[in-house]
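The values are calculated or read from the model by the stated rules, or taken from the named source; none is laboratory data. Predicted model, so just to flag it, every value in this text is computed and none were measured. So basically every Cβ, Gly included, is an ideal-geometry build from the backbone, and we count neighbours across all protein chains shown. For the accessible areas, the whole protein counts, side chains as well, though only heavy atoms, and no ligand, DNA or RNA atoms are used. Shrake-Rupley method; radii C 1.70, N 1.55, O 1.52, S 1.80 Å.
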Amino acid sequence: MTPNHRGNFGSKLGAILAAAGSAVGLGNIWRFPYETGEHGGAAFILVYIGCVLLFGVPIMIAEFSIGRRSHANTARAFQKLAPGTPWRWVGRMGVLTGFLILGYYSVVAGWTLEYIVEAATNSFAGKGADDFIASFSQFTAHPWRPIVWMAAFLLATHFIVVKGVEKGIEKSAKIMMPALFILLLILAGCAVSLPGGGEGLEFLLKPDFSKVNGSVLLGAMGQAFFSLSIGMGCLCTYASYFRDDTNLPKTAFNVAIIDTSVAVLSGFIIFPAAFSVGILPDTGPGLVFVTLPNVFQQAFGNLPWLAVILSVMFYVLLALAALTSTISLHEVATAYLHEEFKLTRGKAARVVTAGCIVLGVLCSLSLGVGKEYTIAGMTLFDLFDFVTAKIMLPLGGFFIALFTGWYLDKRILREEISNRGTLKVQIYRLLVFLLKFIAPIGIAFIFINELGWL
Ligand code: TRP
């Protein structure tokens with residue numbers, strides 16, 4: 001593929017599925033519950049939904065417009081729309097952000113592979129919450145097991161990315177997303193009916209606004225950016241493969257609704273289950289991995305074969321959801337190296353994969369043998385998560401909002417949003433207002449409030 005012969009998503013549904021495939025991933029099922037747990041529950045979720053509506057959807061529409069207008073990778077997109085200006089650094093920072101995210105995201109994605117094997121060999125059977133906590137920390141601290149899985153996951157991502165956009169991404173998203181959603185519904189039903197699950201529901205549904213502080217705001221904002229895949233040009237790169245008749249605002253709304261439903265639905269699984277067996281909601285990144293095996297054990301304890309089938313299905317679908325997200329992250333860096341440095345797609349992808357494996361090894365080791373080495377009190381794994389989700393993505397979003405709201409010729413924005421006048425767009429003024437004022441001021445306020453140094 002050369003820049004002039006870029007692939008395309010084959011249908012309108014394909015565009016939604018690909019973007020939703022990028023958005024729905026570990027961010028919804030792994031990160032959302034533990035962030036919610038660490039930040040007090042219901043109030044965090046409401047702030048999160050506010051961030052999705054006020055920052056998320058407008059910035060996603062902005063990324064779509066930039067990407068489809070320029071038909072280029074993120075860095076080139078800004079160069080095309082704003083030649084000779086420093087705006088291209090927004091694109092370059094995005095490529096770096098995506099690369100860093102992929103580095104630690106692949107570690108967690110690797111964990112899902114280990115859990116597929118554990119589920120398939122029925123090793124959850126007869127164990128309780130304490131055993132799951134112990135075996136999770138043993139596994140993640142192991143010097144090489146998680147690294148092997150991480151590398152395997154990155155290689156799978158690599159091969160799909162090399163095959164090109166249209167075949168791999170669209171097809172896997174089409175089957176996987178509905179299947180995942182149905183399974184989550186079943187599991188939520190099981191979790192809610194566990195003894196003691198009601199307390200978990202209360203945690204999810206009864207907001208306590210006195211708990212909302214700067215860290216809750218920053219956490220919710222970071223989670224919104226992370227989960228929607230925005231703030232680094234990921235959806236911008238995908239939109240460069242959209243067709244001219246793809247309805248950008250509608251696609252953005254659909255993706256935001258799908259993504260938020262999956263996140264909230266996983267909350268309905270994790271918290272009732274966690275409260276039911278006495279796992280604390282602020283357990284951190286292991287929350288999903290220690291809680292879910294309990295759901296399978298408790299709900300299907302007397303039907304062991306069903307427990308095995310459902311748990312294997314769950315981890316397979318989680319791994320696939322993670323895969324459609326790692327593909328989108330990998331694609332950003334690969335398209336950038338391929339188009340800017342004239343590497344072949346294969347070579348560009350190899351550079352990205354190799355670099356991410358190095359980052360992944362470091363992040364994975366930082367949970368075990370390298371635990372003592374901390375920066376600002378965080379392990380390398382936590383540091384990568386903090387810096388990318390809570391600083392780089394919102395910062396990228398801030399600049400994308402400013403770029404589309406203030407710099408970009410409004411004629412271009414209007415044309416993209418209305419598919420060159422063929423669609424009626426009622427939300428145009430509201431969108432421009434959100435991009436011009438609400439998103440940049442809101443993001444800046446949350447930064448200043450919590451980080452204080454900006
Ligand atoms: N949104 C994905 C998830 O929730 C992760 C992801 C994919 C991402 N592409 C991204 C996060 C771009 C930030 C930016 O799992």
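Here are a few things to note about the model shown:
- Span from the region 341-391 Cα centroid across to the region 204-239 one, whole angstrom: 21
- Spatially proximal aspartates and glutamates relative to LYS250 (Cα-Cα < 12 Å; intrachain offsets below 8 disregarded): none
- Counting 0.36 nm for each residue step from LEU96 to ILE186 and taking away their Cα separation leaves a gain of 28.6 nm.
- Annotation: aspartates and glutamates with alpha-carbon distance below 19 angstrom to LYS347 (same-chain offsets under eight excluded): GLU331, GLU339.
- Helix 214-228 and the long axis of the chain differ in direction by around 70°, with both axes built from C-alpha atoms.
- Between the beta carbons of LYS163 and PHE341, assuming R0 = 25 Å, the FRET efficiency works out to 0.75 to the nearest 0.05.
- Remark: the Cα gyration tensor places region 38-137 in the prolate category, a/c being 1.5 or greater and a/b exceeding b/c.
- Between the Cα long axis of helix 129-141 and the first principal axis of the chain there is an angle of about 50°, rounded to the nearest 10.
- Shape call, the chain: gyration tensor on alpha carbons, a/c limit 1.5: prolate
- For region 131-199, the set of chymotrypsin sites (Phe, Trp or Tyr not before Pro) satisfying both a DSSP loop assignment and a count of at most 15 other C-beta atoms within 10 Å is given as TRP144.
- Full-stretch length increase - MET378, VAL351 - with 0.36 nm per residue and alpha-carbon distance subtracted: 6.9 nm
- Take every Cα pair under 8 Å whose residues are at least 6 apart in sequence, average their separation, divide by the length of the chain, and the relative contact order is 34 percent.
- Overall shape: oblate for region 340-454, with the ratio a/c of the largest to smallest alpha carbon gyration tensor axis at 1.5 or above and b/c at least equal to a/b.
- Solvent-accessible surface of region 12-450, taken per residue with a 1.4 Å probe and all protein chains present: 36 Å².
- 0 to 90° range, to nearest 10: angle between helix 248-277 axis and the chain longest Cα axis: 20
- Cleavage-rule hits (trypsin sites (Lys or Arg not before Pro)) in region 400-440: DSSP loop, at most 15 neighbouring Cβ within 10 angstrom: ARG420, LYS424
- Charge tally for TYR428 (other residues, Cβ to Cβ under 10 Å; Lys, Arg +1; Asp, Glu -1): +4.
- FRET efficiency for the pair PHE209 and TRP89, taken as 1/(1 + (r/R0)^6) with r the Cβ-Cβ distance and R0 = 45 Å, rounds to 0.75.
- Heavy-atom accessible surface of the chain: percent carbon and sulfur, 1.4 Å: 67
- Low-density loop cleavage sites - chymotrypsin sites (Phe, Trp or Tyr not before Pro) in region 385-440, where at most 11 other Cβ are within 10 Å (DSSP): none
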